[in-house]
Amino acid sequence: MRKDFKRIGSFLLVFALIIGLMVPFNVVHAAEQVTITVLATSDIHGALYNWNYEDSREDNRGGMVKLATIIKEVRKENPNTILVDNGDTIQGSLLTDDLYNTILIDEPHPIIEAMNLMGYDSMTLGNHEFNFGLDLIQKIEKEADFPMLSANIFNKEDGSYFVTPYTIKEVAGIKVGIIGLTTPNIPRWDGPRVTSLDFRAMHKEAEKVYQKLMEDEGVDIVIATAHSGLEGRHDNEGSMAKLVAERIPQLAAFIVGHDHDTKDLKVNGVPVVGPTNAAREIARVDITLEKQGDQWIVVAQETEIISAEAYEVDAELAEALRPAQETTLEFISKPATVATASFVPEYEIKDMSMPSAQLMDSAVIDLINNVQLHFVPDADIAAAALFASESNIKEGPVAYGDIFGIYKYPNTLYGVEVTGAELKNYMEWSASYYNTYKPGDITISFNPDIRGYNYDMFQGVDYKVDISQEPGDRIVDLTFNGESVMDDDTFNLAINNYRYNGLLDSGIISNDAYFISDPKSLRSYIFDYISEMETIDPEVDNNWEIIGADLSHRARQDAVNLINKGIIDVPAHERSWNSHSINLEEQVTRGEFVEALVRTLEIDLPEIEELENYRFTDVDEALAPYVEAAYNLQITSGISQSLFGTSEKINREQAFVFLIRALNLAHEYNVEALNEFSDYGVISDWAYEELAAAVELGFTSGNPDGTLAPREIIKRGEMAQILNIYLNN
């Protein structure tokens, strides 16, 4: 039993005074501390097992069966653990979307069964929970041993909460309030399914519930889970999760999601964490509290994102859910037809973050659009997006699982009448996906602020996309049946429900749908369509093309070779692949050159244990191993004791010094060979030997005007040429 040393000390002091003892008396009181661990999952998307249903193979990057192992270990370490989920949980896999959310809806939901067995304390609703209607949410709510949360969704009829706004968990005598919040953009995506609901701004409702928890419920601390990105979407302030932390800095922890990006940072002093999708990570927050008087005060918070990849499968959970897994595997193996060849064309650049199906017309998109044209009555035009960069139907047998690979979302099919003006606006909106071409670009890239699933390609019309023009003025030569599309023309358009609701909400289209396939999914239509054929050929009509981009360059092939070898990366930004064109006229930084050089020479990378203590303060976590490898081999040093000069441009003599030092060849060549260049006198003393080696080895022959231009900043094209000379010799 813990003793209250303050009370005992007071009694003894009074007693000592009474009996006249004047001995000094000091009491040391050890403050009571408790650490509560919060574990959080988000965007699981039906990833129950460590299994890829599309490819019928193990995927050991994640799965709830692996997260269960982590959870057990953490609970063993600290029994004072709370486990929460942040939504988009029951949608996203063949197991969920095509079976237990639809044709097996009367069966217990295996994801909820797993969550019950794993001991979840709450689940916040995500937007994809609404994809299958409110009845499914109400069903899983009954099956769950934990509350479904959302404090900003209300029933329009009576103003009541749609689900529980918060829950309270008592841990080690400490009352923890848990608030759930959901992106209010759901009516844009699932409009007809949520007409009875009112979605309000997250930060405003969170403030109200926080006040209630602290004042009426008497909780000690509050954590919040918001199924939304920090910055929100669609210019909707109410979907910006960061505003919750900005308005309530007293939050002990804040879980975010929706964007499928790992988050581990502080916003307004609040620890904010978010694991990536598909049960590949779990977020951890350790909250240490100290008893001060009659209050528990947060004195420390530590955060961690734990990857599931290195963990074993929890055999107990895997065995309990095996019937659902076996049912799914049997279902997806159902044969449909045989593909005679690949449905996506080969592209010169092999990096999958630069999908050819978004750079040219492809059989995979034409197939989806042809299905839409076939099943929507009287449809003239169809539009569809590439949902994943690797989407393809490969040569050979095609089963149901392969259809999921090209159409991962459970969208339904809509038909709507649009005017020519509305069609043009829609196409311009879609074409804003491309970045504007700049001279020197050898790749076409995509706007990082627009998700790939928001770029639609059209069937039934012929058109060109001119990416030399700014967004809003790119669609040219738009014709229907050989005639130019006029603003007052009318067409029947076949699109999915997600796109229909988004276009209607934004005002791009105005009519109600004349055809709705709900509940039959577009994926089911694709399966039905190809099942009628003994074989299916990759047919493409090339009704659209990109123009306005001259991708030729003298160093193009050198750069493509480096991209395909993984020496030059195709830039990416969060969930946006290929977010910046590779431009060979752009100047190269020291950081970029050293990274490419180390990759070219296949130098082993050292492990950097603590970046905050790394020798150079201007080097990030990704670049540090490359800089350290070059530093250890005395290829380069910093521009000062603490700065590497990562973002500083690198000139020609510096680049050749780095290269020749890496090859350890400088001392074997005659510096007098440099005298043939008219500007040899401006070469730095420390660069003579390396430049002489570079000239004799054929890495450079100087400029046509007889100069070497050692102080000239090199461009990416020249870097590609230099590194390819090494690779080819």
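Just for region 165-193: of the residues that are part of a loop (DSSP other than H, G, I, E, B) and touching a Lys or Arg at 6+ places or on another chain (Cβ under 7 Å), which one is surrounded by the fewest Cβ atoms within 10 Å (Cβ to Cβ)? Please lay out each step first, then the result.
Start the filter on region 165-193 by keeping residues that are part of a loop (DSSP other than H, G, I, E, B), which leaves 165, 172-173, 183-185.
Okay, now just the ones that are also touching a Lys or Arg at 6+ places or on another chain (Cβ under 7 Å), so 184-185.
Working: Pro184: 23, Asn185: 20.
Per the criteria, the residue is Asn185.
Listed residues Val84, Val74; which is in contact with a Leu (Cβ under 7 Å, 6 or more places away or on another chain) and either crowded, with 23+ Cβ neighbours inside 10 Å or over 19 Å from Thr167 (Cα atoms) (or both)?
Every option except Val74 fails the conditions.
Taking into account only those residues within region 205-242 that are over 11 Å from Gly177 (Cβ atoms) and of a type in the set (Lys, Arg), which is surrounded by the most Cβ atoms within 10 Å (Cβ to Cβ)?
Looking at the filtered set, the residue picked out is Lys242.
Please tell me if Gly440 is touching a strand residue (DSSP E or B) at 6+ places or on another chain (Cβ under 9 Å) and closer than 30 Å to Pro335 by Cβ. Spell out the reasoning first.
Details: touching a strand residue (DSSP E or B) at 6+ places or on another chain (Cβ under 9 Å): yes; closer than 30 Å to Pro335 by Cβ: no.
For Gly440, the condition - touching a strand residue (DSSP E or B) at 6+ places or on another chain (Cβ under 9 Å) and closer than 30 Å to Pro335 by Cβ - is not met.
List the number of the failed condition for Asn511; all other conditions in (1) under 30 Å from Thr195 (Cβ atoms); (2) modelled with pLDDT of 95 or more; (3) part of a strand (DSSP E or B) hold.
All conditions are met except number (3).
Just checking, does region 470-479 include any residue being assigned to a loop (DSSP other than H, G, I, E, B), closer than 20 Å to Glu585 by Cα and more than 29 Å from the chain's Cα centre (by Cα)?
Looking through region 470-479, none of the residues is assigned to a loop (DSSP other than H, G, I, E, B), closer than 20 Å to Glu585 by Cα and more than 29 Å from the chain's Cα centre (by Cα).
Return the only residue of Asp294, Asp314 being over 25 Å from Ala226 (Cα atoms), without any contact (Cβ under 8 Å) to a residue 60 or more places away in the chain and among the acidic types (Asp, Glu).
Just a single option satisfies the conditions, and that option is Asp294.
Out of region 257-279, which residues are among the small types (Gly, Ala, Ser) and not in a strand (DSSP E or B)? Give the derivation first.
Of region 257-279, the ones among the small types (Gly, Ala, Ser) are 257, 269, 274, 278-279.
Passing the criteria: Gly257, Gly269, Ala278, Ala279.
Considering only region 440-452, state which residues are touching a helix residue (DSSP H, G or I) at 6+ places or on another chain (Cβ under 8 Å) and not in a loop (DSSP other than H, G, I, E, B).
If the condition is that a residue be touching a helix residue (DSSP H, G or I) at 6+ places or on another chain (Cβ under 8 Å) and not in a loop (DSSP other than H, G, I, E, B), then Phe446, Gly452 are the ones that fit.
Does Phe162 satisfy the condition of being modelled with pLDDT under 95 and buried (at least 22 other Cβ atoms within 10 Å of the Cβ)?
No: the conditions fail for Phe162.
Out of everything in region 675-702 that is among the aromatic types (Phe, Trp, Tyr) and crowded, with 17+ Cβ neighbours inside 10 Å, what residue ends up being nearest to Asn729 (Cα to Cα)?
Checking each candidate, the answer is Phe699.
Does region 36-58 hold any residues that are closer than 15 Å to Gly257 by Cα and assigned to a strand (DSSP E or B), and which are they?
Leu39, Ala40, Thr41
Could you look through region 230-249, keep only residues that are in a loop (DSSP other than H, G, I, E, B) and in contact with a strand residue (DSSP E or B) (Cβ under 7 Å, 6 or more places away or on another chain), and pick out the one that is nearest to Ser122 (Cα to Cα)?
Ranking the candidates gives Ala241 first.
Quick one: Asp705 ticks every box in (1) under 14 Å from Arg652 (Cβ atoms); (2) among the charged types (D, E, K, R); (3) not in a helix (DSSP H, G or I) bar one, so which box is it?
Here Asp705 meets the rest and fails (1).
So which residues in region 435-456 are within 24 Å of Lys715 (Cα to Cα), modelled with pLDDT of 95 or more and of a type outside the set (Val, Ile, Thr)?
Asn435, Tyr437, Lys438, Pro439, Gly440, Asp441, listed by residue number.
Yes or no, residue by residue, for (1) polar (S, T, N, Q); (2) farther than 21 Å from Glu539 by Cβ; (3) out of contact with any Phe, Trp or Tyr (no Cβ under 9 Å at 6 or more places or on another chain):
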| site | (1), (2), (3) |
| --- | --- |
| Val338 | no, no, yes |
| Glu346 | no, no, yes |
| Met354 | no, yes, no |
| His374 | no, no, no |
| Asp380 | no, no, no |
| Ile393 | no, no, no |
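It is to be established whether one or more residues within region 569-591 are out of contact with any helix residue (DSSP H, G or I) (no Cβ under 6 Å at 6 or more places or on another chain) and over 27 Å from Tyr437 (Cβ atoms).
Within region 569-591, one or more residues are out of contact with any helix residue (DSSP H, G or I) (no Cβ under 6 Å at 6 or more places or on another chain) and over 27 Å from Tyr437 (Cβ atoms).
The values are calculated or read from the model by the stated rules, or taken from the named source; none is laboratory data. This is a predicted model, so every value here is computed, not measured. Virtual Cβ from ideal backbone geometry, glycine too; neighbours counted across all protein chains shown.
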